[in-house]
Amino acid sequence: MASRQARYPPTASERQRRRRQHEPDVVAPLPPNTDVSTPLPPTLVGDAEQPAVEDVVLTTSVRMDSENKAQLSSLLRVLPPVEFCCIYGSALHPNNRDKSSMVDYILGVSDPVQWHSENLKMNRDHYASWMVYLGGAKLITQVADEIGVGVHFNPFVTWNDGMVKYGVVRMHDLVQDMLNWERFYLSGRLQKPVHLLADNLDIGNLNSVNLRAAISAALLLLPSTFTEEDLYAKICSLSYMGDLRMLFAEDRNKVMKIAQGQFDLFQTMYGPPLEEFAAKDLLRFSSSGGKPANIYQDCGLSAARSLVSSLPPMVRSRMGRKLGENKKLSASGRVIHEVVIGSREEAATCMQKVVRRIVMVSSARQAVSGLLAVGGVNAARYLGSKMHKAWKSWT
């Protein structure tokens, strides 16, 4: 793995430079006592009477020219209103010159049934015909929720002389996956650089919990000394552990390509949480004479316990069932369930098995749901494209 020189801890001027470069916008925080389990108020994004969609940043954002931003945002004006929208994938690669590649969107909505009902009136041709005729919006949502992991994808949508794919998810499900890794599907996607086009609930701030959890999981799996690129590659690999697509339908070098191709974006994205880990003496950054930087981590049992405590509640709960739990009272009187850790290696192995199991089940469910959602012709087309990429990576 190629090494790159880290810039830690970044100086105040460096942080300001990064902020200027990525042009973050101010996003309103969540209202007090917001209940994400109830339908959320509709945003104005997508409404014809609304002003143009502004650029919003989810921790990091790709620097885009105004023409490209306008083109990417224009899709939202022909869809029903959304609360959240981001683009991801190869379209964000700084060196991407393939304008024929499909642009990937994730759309967060408060009520998928209502949203799909409206979208069927506006864009009926985006959906598989059998789903439209046999059940419409209700069937589309049922397949996503009961067979898949709560996300319905419409691929191969022609827009502005190109192809797009957009996935629709309930906002409550998106937030729960980010905080708990219940499916570890979209939460894994948001651990990698994305460009936000709409954010009505300040998902960028909520995602910081997800990023810290990703760092903790990656550190448990890394040795005492590693490079910054090793760290980002390990973070990328988390959401692919156990993914059935990696066996036959994904580029075997996908993780490395993401980590290396978007290295600068990862640096900006993970800079603040890594500073937190360094402040707790869990990490130390070192470079000398212009040589590539190394990162050193504390591999002691106390550090391992600290990392495990930063993992999502669902992951800790499953680890506790395997390794045992201790109950403790916090200063506020709340009962805390602490995973019993005999050794760092034991904790890392257990965590890896838990995450791999979650990913394996989710990837299998989403694969079946996706094939049903897109219909026979598009399913064969999409699978063929994926397998072609996978074959090229093996030859």
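The values are calculated or read from the model by the stated rules, or taken from the named source; none is laboratory data. Source: prediction; values computed, not measured. All Cβ positions, glycine included, derive from the backbone under ideal geometry; neighbour counts span all protein chains shown. Calculation scope for accessible area: heavy atoms of the full protein, side chains included, ligands and nucleic acids excluded. Shrake-Rupley method; radii C 1.70, N 1.55, O 1.52, S 1.80 Å.
Modelled spin labels at Ser332 and Met102, positioned 7 Å past Cα toward Cβ, are 4.4 nm from each other. Relative contact order for region 112-247: what percent, with Cα pairs under 8 Å and sequence separation of 6 or more? With pairs under 8 Å counted, the relative contact order is 15 percent.
At an R0 of 25 angstrom, the distance between the Cβ atoms of Asp281 and Gln260 translates into a FRET efficiency of 0.30.
Among the listed pairs Lys280/Lys353; Lys69/Lys280; Lys165/Lys322; Lys192/Lys322; Lys138/Lys254; Lys121/Lys254, a Cα-Cα separation exceeding 32 Å is found for Lys69/Lys280; Lys165/Lys322; Lys138/Lys254; Lys121/Lys254. For the peptides 164-177, 304-317, 119-132, the ranking by mean Cβ contacts within 10 Å, running from highest to lowest, is 164-177, 304-317, 119-132. Remark: the Ser317-Ser208 segment gains 37.2 nm on full extension, using 0.36 nm per residue and subtracting the alpha carbon distance. Rolling a 1.4 Å probe over the protein heavy atoms gives region 149-211 an accessible area of 26 Å² per residue. Extending 7 Å from the Cα toward the beta-carbon at both Ala70 and Asp161 defines two label points whose distance is 1.4 nm. A crude spin-label estimate for the pair Leu221 and Cys299, with each label 7 Å from Cα along the Cβ direction, gives 1.7 nm.
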